[in-house]
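Trainee: Sharing a structure here in structure tokens format.
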Amino acid sequence: MNLLVSACLLGAACKYSGTSNFDPRIAALAENHHLIPVCPEQLGGLPTPRKTVEIAEGRALDRDGLDVTAQFLKGAEESLKLARLLRCNAAILKSRSPSCGHGFVYDGTFSGKLTAGNGLTADLLCKAGIEVFSDEEVSAWSEFEKSHSCAQ
């Protein structure tokens, strides 16, 4: 199965702070699947490191109030293009991220408070019919994987 994966989960130093969110559970999926790493924020033209960004009323705003929604949307569109081109059946993305978060993202107050919703890339992928899981949804991913094991 081809899986779109947040590059930071595979060890790429593309997180806003210039570090990664390496997750050995996600990296181990390469034993049975083709992992396609993406960082939507970099694909959208944002530098690394960069200021933290949160979603507020559908807009991607950095801590200083700079609107980077256009870059986030461009990165989301580029990620979707790659997912389609490489026939990704699903995506495993970084939880709570303003790009990749699935189910919950930070609420835009920069206070650490979460709110229900998706990051801009996760939202676009979902709308395009690609199954999206966060790195915190391992059990849901496992069930999806089992139900699609013959669909290679």
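Each reported figure results from applying straightforward, stated rules to the coordinates on display, with no laboratory input. Being a predicted model, the structure only gives us computed values, none of them experimental. Note that we place each Cβ from the backbone using ideal geometry, even for glycine, and neighbour counts take in every protein chain shown.
Trainee: Can you name every residue in region 18-55 that is of a type in the set (Gly, Ala, Ser) and either loosely packed, with under 14 Cβ neighbours inside 10 Å or within 14 Å of the chain's Cα centre (by Cα) (or both)?
Mentor: Within region 18-55, 18, 20, 28, 30, 44, 45 qualify.
Trainee: Among the residues of region 1-35, write down those that are touching a strand residue (DSSP E or B) at 6+ places or on another chain (Cβ under 8 Å) and not aliphatic (A, V, I, L, M).
Mentor: 2, 6, 16, 21, 33, 34
Trainee: Among 70, 83, 60, 91, which is the only one that is of a type in the set (Gly, Ala, Ser), out of contact with any helix residue (DSSP H, G or I) (no Cβ under 7 Å at 6 or more places or on another chain) and either over 21 Å from residue 8 (Cβ atoms) or buried (at least 23 other Cβ atoms within 10 Å of the Cβ) (or both)?
Mentor: Numbers: 83 fails: out of contact with any helix residue (DSSP H, G or I) (no Cβ under 7 Å at 6 or more places or on another chain); 60 fails: out of contact with any helix residue (DSSP H, G or I) (no Cβ under 7 Å at 6 or more places or on another chain); 91 fails: out of contact with any helix residue (DSSP H, G or I) (no Cβ under 7 Å at 6 or more places or on another chain).
One residue alone meets the criteria, 70.
Trainee: I'd like to know if region 104-113 contains one or more residues that are of a type in the set (Gly, Ala, Ser) and either touching a residue at least 40 places away in the same chain (Cβ under 8 Å) or buried (at least 19 other Cβ atoms within 10 Å of the Cβ) (or both).
Mentor: Looking for residues that are of a type in the set (Gly, Ala, Ser) and either touching a residue at least 40 places away in the same chain (Cβ under 8 Å) or buried (at least 19 other Cβ atoms within 10 Å of the Cβ) (or both), one finds at least one in region 104-113, hence yes.
Trainee: Would you be able to say whether some residue in region 100-121 is assigned to a helix (DSSP H, G or I) and under 12 Å from the mean Cα position of the chain (by Cα)?
Mentor: yes
Trainee: Go through the residues of region 21-29 one by one and say whether even a single one is over 20 Å from residue 106 (Cα atoms), β-branched (Val, Ile, Thr) and out of contact with any Cys (no Cβ under 9 Å at 6 or more places or on another chain).
Mentor: Checked region 21-29: at least one residue is over 20 Å from residue 106 (Cα atoms), β-branched (Val, Ile, Thr) and out of contact with any Cys (no Cβ under 9 Å at 6 or more places or on another chain).
Trainee: Go through the residues of region 15-32 one by one and say whether even a single one is over 30 Å from residue 89 (Cβ atoms), of a type in the set (A, V, I, L, M) and in contact (Cβ under 8 Å) with a residue 12 or more places away in the chain.
Mentor: No - not one qualifying residue is present in region 15-32.
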